[in-house]
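Q: Let me begin by handing over the structure; questions about it come next.
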Number of protein chains: 2
Amino acid sequence: MASLALLTTSCTENSKNEVKAIFPKGEKGPADNFTGSAWNIGLVANDTTYNTIVGNVYFEPGATSNWHTHPAGQILVITDGVGYHQIKGQPRQTIRKGDVVKCPPNVMHWHGASADTGMQQMYVLPKTEKGLVTWLQPVTDEEYNNATNK
Amino acid sequence: MASLALLTTSCTENSKNEVKAIFPKGEKGPADNFTGSAWNIGLVANDTTYNTIVGNVYFEPGATSNWHTHPAGQILVITDGVGYHQIKGQPRQTIRKGDVVKCPPNVMHWHGASADTGMQQMYVLPKTEKGLVTWLQPVTDEEYNNATNK
């Protein structure tokens, strides 16, 4: 069992722009792959039994991943806050607590927080025997701000 | 995108014995496979792209699954509350918000809430091409209550 220490936020501290933590914040994502502050903690490491990686990312307001692809796709489960997910060629989606989105294998996408409110999201990478991730270019301001731009 | 309606619990309503919901409660698990009230909602349905099922179970205080096995194992992510997980032949584990536990392929286990506090847990079933679940006998009172009984 991975017994993880908890970050607690009392009700009085939980302002509009804060999101509640289930997991520790983890390590800051590298500037090569993220814009702004995104914090990653691994929950299930890769192995040959499950071939599945699970982790949590907390995107501070305005933070995003770069564009990237996953060889076997990715499942995102939003556990708190508000953010965006965009699959290349599709409009930007707004994603909120309780939403689940998928990105198919080898399709470009990015995800991140809204400008005003951070986002907690778990990620599931299936079929890790196919590989994990290929990082690409940063999301432009135009891409971030334009909900209808494909 | 699976846009899921939210169950909200205000701070003032959130007593010691209640747990916060990220997802809708879903459907009550059948009495053939569960003791007490356990509520299941599917978040990611089975398909041949991801071969991964994700869902959420809310176990009311005292509720448990029967013993069961998964052909490709299972990953459990506890998002709120307090409960138990027992792998056959090992002591009962107490699991809490932020914990992640795994059960290997074809190994018997059960999971459920503590007597006093419910438990919210996400489950991930990988490699669904191998099958999903085989249900077995209910957990006995002795098994439920005895932390050291293997």
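The values are calculated or read from the model by the stated rules, or taken from the named source; none is laboratory data. Worth saying up front: this structure is predicted, and the values here are computed from it rather than measured. In this analysis, Cβ positions are derived from the backbone assuming ideal geometry, glycine residues included, and neighbour counts consider all displayed protein chains. Surface accessibility is based on the protein's heavy atoms, side chains included, excluding ligands, DNA and RNA. Shrake-Rupley method; radii C 1.70, N 1.55, O 1.52, S 1.80 Å.
Q: Could you run through the range B:47-69 and say how many residues are within 11 Å of chain A (Cβ to nearest Cβ) and under 10 Å from the mean Cα position of the chain (by Cα)?
A: Adding up the residues that qualify gives 2.
Q: For the list (1) at positive phi; (2) in contact with a His (Cβ under 7 Å, 6 or more places away or on another chain), I need the number of the one condition that B:Lys127 fails.
A: (2)
Q: A follow-up question, please. Looking at the range A:17-46, which of its residues are facing another protein chain (nearest Cβ under 9 Å), assigned to a loop (DSSP other than H, G, I, E, B) and modelled with pLDDT of 95 or more?
A: The answer is A:Ile22, A:Phe23, A:Pro24.
Q: Taking B:Ala72, is it buried (at least 21 other Cβ atoms within 10 Å of the Cβ), modelled with pLDDT of 95 or more, in contact with a Phe, Trp or Tyr (Cβ under 8 Å, 6 or more places away or on another chain) and away from every other protein chain (no Cβ under 14 Å)?
A: Here the answer is no, as B:Ala72 does not meet what is asked.
Q: As an exercise: evaluate B:Leu125 against (1) of a type outside the set (Val, Ile, Thr); (2) within 11 Å of chain A (Cβ to nearest Cβ); (3) more than 17 Å from B:Gly55 (Cα to Cα) and give the number of the one condition it does not meet.
A: Answer for B:Leu125: the failing condition is (3).
Q: Taking B:Gly36, is it open to solvent by less than 40 Å² (accessible area, probe 1.4 Å) and under 15 Å from the mean Cα position of the chain (by Cα)?
A: no
Q: Does A:Gly55 satisfy the condition of being in a strand (DSSP E or B) and either surrounded by fewer than 21 Cβ atoms within 10 Å (Cβ to Cβ) or not basic (Lys, Arg) (or both)?
A: Judged against the criteria, A:Gly55 is a match.
Q: So in the range B:75-110, with the set limited to residues that are under 10 Å from the mean Cα position of the chain (by Cα) and not aliphatic (A, V, I, L, M), which one is most open to solvent (accessible area, probe 1.4 Å)?
A: Looking at the filtered set, the residue picked out is B:Tyr84.
Q: Counting only residues that are more than 12 Å from A:Ala63 (Cα to Cα) and either among the hydroxyl-bearing types (Ser, Thr, Tyr) or in a strand (DSSP E or B) (or both), how many does the range A:95-135 have?
A: Counting residues in the range A:95-135 that are more than 12 Å from A:Ala63 (Cα to Cα) and either among the hydroxyl-bearing types (Ser, Thr, Tyr) or in a strand (DSSP E or B) (or both) gives 15.
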